[in-house]
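Comments concern the structure below.
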Amino acid sequence: MNSRFYITTPIYYPNGEPHLGSVYTTVICDVVARFHRLQGRETFFLTGTDEHGTKMEKAAAEAGVPPLELATRYADLFRAVWAELGISNDDFIRTTEPRHKQAVTRIFQRLVDQGDIYLGSYEGWYDEGQEEFVTETEAKLNEFKSKISGKPLSRYSEPSYFFRLSRFVAPIIEHIEKNPTFVIPTGRRNEVLSKLRAGVDDLSVSRTALSWGIPLPNDPKHVVYVWIDALTNYITALGYQSDDASRFEAFWPADVHVIGKDILWFHTVYWPAMLLSLGIELPKTVAAHGWWVRGGMKAGKSTGGITTLAEIRELVAKYDLDSLRYHLLRAAPFGADLEWSVEEFEKSFNELANVLGNCLNRTLKMIGKYRGGVLGPVSHAPSELDQSLMAAIDRLPSALAEAYEKLELQQAVMLPIELARQTNGYIDATAPFSLAKDPAKAAQLDTVLHLSVQAIYRALVSLIPVLPAKALEGIRQLGVDPASFGKDPAKLWEQLPLGHKVREGSPLFPRIEK
Ligand code: MSP
């Protein structure tokens, strides 16, 4: 396993508040980044804002402020919200920052030097919402309306520089075929492959009609069209084409770009093509998650139906942040669409309370009552039930690592909960309260207490990336100081020693007054 890990979110348009969609992507990345950090990998987690282009220009005009002012207002809000939600990003890039603009200018010049840029004339259809040119065939297919928002497409004709995308189609197809995890989930991979095989035009990469962008180094009447400007953030933030490229050297290629499925094509075709032209390695994985939908349509700022920042804040205040994080990853398998409902959220919250919280609580109570909080041995031949719980405890670290590796995140967050569920069943079946009544069964009682404590401890350790506050609180109740983990990941998976003393517990997920 590589000792470094680099993960990115898309850079968000700072033309409005963060909402459930952007929170979703960012929380996914945060959980995955935290897992890899916990495993001892040097991790770099990048997010940021995409500030140039028509979309921003228009939103600024509507708000009656210059584009940079609007961008700054919302970029600051994004930053503040990520801090508020405990997001552990290592950097936040704004595409209007000099470090980005300077690198993009150099990157564009390199594409020119490679012979991959030529001047042509662009005429066609444009989806303003998506900032995307649409081919004639596709436009016709959707009755000249946006596939995403349903709004009418606009007609454009202007001189434009083109990037020789067509040159890279064959190598990209080959790369995707040879690397089954380059695009995940598999359904998305097939989608990209069949679209690629249908043929791809060269890509218009500059605009004259737009002033809010980075001027082309070779022809400043044009500005860089948004996708080159945006996608390159993943390397400019690492210092590519700057005086200090050490981060780029250390962290590139990215382990995973997490994106919404709306921007799959850009990340799996345009971006690799640019990288190939620049002679840079391709990212290892592009992982596309599903949409939060309302009534079958993508929920969003422009389409409506999206859970707002205010609603998210209200929920976090009423319940807690960790339960929201859990629910976002628990709600559906990675890649599938999701529909928000408070009832579904409450189901996840209750699962945490009734399975995880309850398991911790009853285990602490029992060991407190029967053994003064001190962990005893497993000193008799384990029963089948004991053995099955032992096996589950042993299996969890590798099962967890595999789930995170494959980005099976619903699995990753539920595996520890399943261990707690099994432990609850084990406690029910072994009935410690009646074992306690019979002095001849003292060794059996020790075993039940011992295994229950080890199981809930392991479940909690496994949940640190998902429930950073609650898991540590539970671990402390178990009498372990999380600071003692130090930097050695092996420490995490050590079992508690005999004679270990737990503390008293209080519910991790207190019942909510309705
Ligand atoms: N700026 C571009 C991305 C450039 S990346 C080099 C962009 N920005 S965006 O703000 O419109 O959306 C970014 C991401 O927000 C989406 O890819 C997705 O990850 C997330 N989502 C926005 N709305 C969403 C839903 N309704 N559901 C799930 N995720 C959504 O596109």
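The values are calculated or read from the model by the stated rules, or taken from the named source; none is laboratory data. Quantities reported herein were computed from a predicted structural model and do not represent experimental measurements. As a convention, Cβ positions derive from the backbone with ideal geometry for all residues, glycine included, and neighbour counts pool all protein chains shown. Please note that ligands, DNA and RNA were not included when accessible areas were found on the heavy atoms of the full protein model with its side chains. Shrake-Rupley method; radii C 1.70, N 1.55, O 1.52, S 1.80 Å.
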Sites residue 311 and residue 380, calculated FRET efficiency, Cβ-Cβ separation with R0 56 Å, nearest 0.05: 0.55
The stretch 480-514 versus the stretch 287-342: alpha-carbon centroid distance in Å: 30 Å
The stretch 185-252, relative contact order [Cα under 8 Å, separation at least 6], %: 18 percent
Estimated translational D of the stretch 343-493 in µm²/s (Stokes, Kirkwood radius over Cα pairs; 4 °C; 1.567 mPa s): 81 µm²/s
Helix 409-430 vs. the chain, principal-axis angle (Cα, 0 to 90°, nearest 10): 10 degrees
Normalised alpha carbon radius of gyration of the stretch 216-373 [divisor 2.2 N^0.38 Å]: 1.50
Between helix 321-330 and the chain: long-axis angle, C-alpha atoms, 0 to 90°, nearest 10: 70 degrees
In the stretch 98-156, GluC sites (Glu not before Pro) in a DSSP loop with at most 14 other beta-carbon atoms within 10 Å: 143
Column: log10 I(q)/I(0), Debye, Cα scatterers of the chain, q = 0.08, 0.11 Å⁻¹: -0.57, -0.95
Residues of type lysines that residue 437 reaches as a straight line, Cα spacing below 18 Å, ignoring anything fewer than 8 places off in the same chain: 365, 369
Around residue 371: net Lys/Arg minus Asp/Glu count, Cβ-Cβ under 12 Å: +2
Estimated distance in nm for a label pair at residue 178 and residue 343, the labels positioned 7 Å out from Cα along Cα-to-Cβ: 5.1 nm
Rounded Å value of the spacing that divides the Cα centres of the stretch 72-107 and the stretch 167-189: 29 Å
Approximate spin-label separation residue 512-residue 443, in nm, with each point projected 7 Å along Cα-to-Cβ: 4.8 nm
Solvent-accessible area, 1.4 Å probe, carbon plus sulfur percent, for the chain: 52 percent
Mean separation of Cα contacts under 8 Å (6+ apart) over length of the chain, as relative contact order %: 15 percent
Nonlocal amide H pairs with residue 293, under 5 Å, H built at 1.01 Å: 299, 338, 339, 340
Entries in 151/261; 55/221; 406/470; 140/284; 145/318; 58/406 that, when Cα-Cα distance is taken, lie over 31 Å: 140/284; 145/318; 58/406
Separation of the residue 208 and residue 487 label points, Cα + 7 Å toward Cβ, nm: 5.6 nm
Helix 309-318 vs. the chain, principal-axis angle (Cα, 0 to 90°, nearest 10): 10 degrees
Computed helical MRE - 222 nm, the chain, DSSP H runs ≥ 4 contributing -39500 (n - 2.57), nearest 500: -14500 deg cm²/dmol
The stretch 365-462: trypsin sites (Lys or Arg not before Pro) in DSSP coil with no more than 10 other Cβ atoms inside 10 Å: 437
Other-chain or far-sequence residues with amide H under 5 Å of residue 134's (modelled H): 125, 126, 127
Summed side-chain charge close to residue 150 - residues other than residue 150 whose Cβ falls under 13 Å, Lys, Arg +1, Asp, Glu -1: +1
The stretch 3-124: C-alpha gyration tensor shape, a/c 1.5 cut-off, then a/b vs b/c: oblate
Rounded accessible area per residue of the chain, 1.4 Å, Å²: 41 Å²
